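Below is one structure, written out as structure tokens, with a few remarks after it.
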Amino acid sequence: MIIVKSREEIELMRESALIVSKTLGMLASEVKEGVTTLHLDKLAEEFIRDHGAVPSFLGLYGFPNSLCMSPNAQVVHGIPNNTPLVSGDIISIDCGAYKNGFHGDHAYTFEVGEVAPETKKLLQVTKESLYVGIREFKAGNRVEDVGNAIQKYTEGHGYGVVRELVGHGLGQKMHEDPEMPNYGKKGRGKLFVEGMVVALEPMINQGTRNIKQLKDGWTILTADGKPSAHFEHDVALIDGKPELLSTFAYIYKALGIESNEEDEFRKIPLVL
């Protein structure tokens, strides 16, 4: 059952989402050669707590850390460790924060040093597909309209769309209805309703869509060992249109990137 949020609850969710956005922005300056994912995890936990929130992922279903850190061929749910990042790596950082009774859940795939052009393209197309999907999150549409748009866009570039892992509703629980797959057929699935909030998160592989899981019970890898990219935003349906609760703007500020990609999904300009 879809849990509709009031405008007041959506504003509380925006606060949680922006704590995650700020955490990722802080990490953007720390993701570099020689740094371990465990170090980044500790920085994130401290930052989240300093902002009056608690890490959503820590202990969730038994997960041992505050961040899911998934480099290269890892799709999602990677566990932070003491292996240093090296030039050419990419790494998905998925972060959650819980405050005022609501979760924020937000992810970005970062580049480390000099990344191969074909990997850069994977990241670009995956991030573009996120916004392609968000545009379909509107009154009158259904769940698989979003998935269909993401699937067509990414498969059109020759990439594989992971089937076993999906986006989801978001609120007082980290995972609510509906599931939001990154594939599907137009016109299928639950009808979108005013006040619902979802976490949309394309997980796109450079090669096969097939995946496998490590014996740690968490880490998901591409079956062919090729890179995978992952981007995620929190989005509310307000006045029949998608409105972003999260932002990549803090990341872009840290990395010196100029972008207006989020403008169409905001009624009020974001002030950092």
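The values are calculated or read from the model by the stated rules, or taken from the named source; none is laboratory data. From a predicted model like this one, the values you see are computed outputs, not experimental measurements. Counting neighbours? That spans all protein chains shown, and the Cβs are built from the backbone with ideal geometry, glycine included. Protein only, heavy atoms only, side chains kept; ligands, DNA and RNA dropped before computing areas. Shrake-Rupley method; radii C 1.70, N 1.55, O 1.52, S 1.80 Å.
What residue among LEU214, LEU27, PHE47 has its Cα farthest toward the positive end of the dipole of the chain, where the charges are +1 on Lys, Arg and -1 on Asp, Glu, each on the Cβ?
LEU214
Taking a cut-off of 18 Å, what percent of all Cα-Cα pairs in segment 14-150 are separated by more than that?
Values: 5433 of 9316 pairs.
Above the 18 Å cut-off, segment 14-150 has 58 percent of its Cα pairs.
Expected output is a single nm value to one decimal: the length gained when fully extending between ASP50 and GLU30, i.e. 0.36 nm times separation in residues minus the C-alpha distance. What is it? Please list the in-between numbers first.
On the way: separation 20, 0.36 × 20 = 7.20 nm, distance 1.76 nm.
Here the answer is 5.4 nm.
On alpha carbon coordinates alone, what is the Rg over Rh value for the chain, Rh being the Kirkwood radius?
Numbers: Rg = 17.1 Å, Rh = 18.3 Å.
On the Cα set of the chain, Rg over Rh gives 0.93.
Comparing TYR159, TYR61, TYR98, which has the greatest mean-square fluctuation in the GNM of the chain with Cα pairs linked when under 10 Å apart?
TYR61
Using helices alone, I'd like the mean residue ellipticity at 222 nm for the chain: each DSSP H run of four-plus residues gives -39500 (n - 2.57), total over residue count, nearest 500.
Computed ellipticity for the chain at 222 nm equals -9000 deg cm²/dmol.
For segment 198-272 and segment 76-125, compute the distance between their C-alpha centroids and round to whole Å.
10
Quick check: convex hull over the Cα atoms of segment 112-194, volume per residue in Å³, rounded to an integer?
Cα-based convex hull of segment 112-194, divided per residue, equals 114 Å³.
Can you give the accessible area of ASP105 in Å² (nearest 10), computed on protein heavy atoms with a 1.4 Å probe?
The accessible area of ASP105 comes to roughly 0 Å².
For each pair in LYS99/LYS253; LYS121/LYS185; LYS138/LYS253; LYS120/LYS185; LYS5/LYS99; LYS99/LYS241, compute the distance between the two Cα atoms and list the pairs where it is over 20 Å. Walk me through the numbers on the way to the answer.
Working: LYS99/LYS253 24 Å; LYS121/LYS185 26 Å; LYS138/LYS253 29 Å; LYS120/LYS185 28 Å; LYS5/LYS99 15 Å; LYS99/LYS241 25 Å.
Violating the 20 Å limit, Cα to Cα: LYS99/LYS253; LYS121/LYS185; LYS138/LYS253; LYS120/LYS185; LYS99/LYS241.
Once segment 135-272 is represented by equal point scatterers at the alpha-carbon sites, with solvent omitted, what log10 I(q)/I(0) does the Debye formula produce at q = 0.13 Å⁻¹?
These q points yield log10 I(q)/I(0) values of -0.63.
Using +1 at the C-beta of Lys and Arg and -1 at the C-beta of Asp and Glu, which of VAL75, VAL115, PHE102 has the Cα lying farthest in the positive direction of the dipole of segment 70-122?
Most positive-ward Cα: PHE102.
Please report the orientation-averaged projected area of segment 86-137, defined via the convex hull of its C-alpha atoms, in nm².
Projected area, direction-averaged: 4.8 nm².
At 1.4 Å probe radius, can you tell me the per residue accessible area of the chain in Å²?
Ligands and nucleic acids excluded, the figure is 42 Å² per residue.
Is there a quick way to get the dipole size of segment 153-272? I mean about its Cα centre, with the Cβ of Lys and Arg at +1 and of Asp and Glu at -1; what is the value in debye to the nearest 20? It would help to have the intermediate numbers written out before the result.
Numbers: 14 positive and 18 negative charges, 94 e Å.
About 460 debye.
If I model a spin label as a point 7 Å beyond the Cα along the Cα-Cβ vector, how far apart are those points for GLU114 and ASN210 in nm?
Label-label distance for GLU114 and ASN210, simple model: 3.4 nm.
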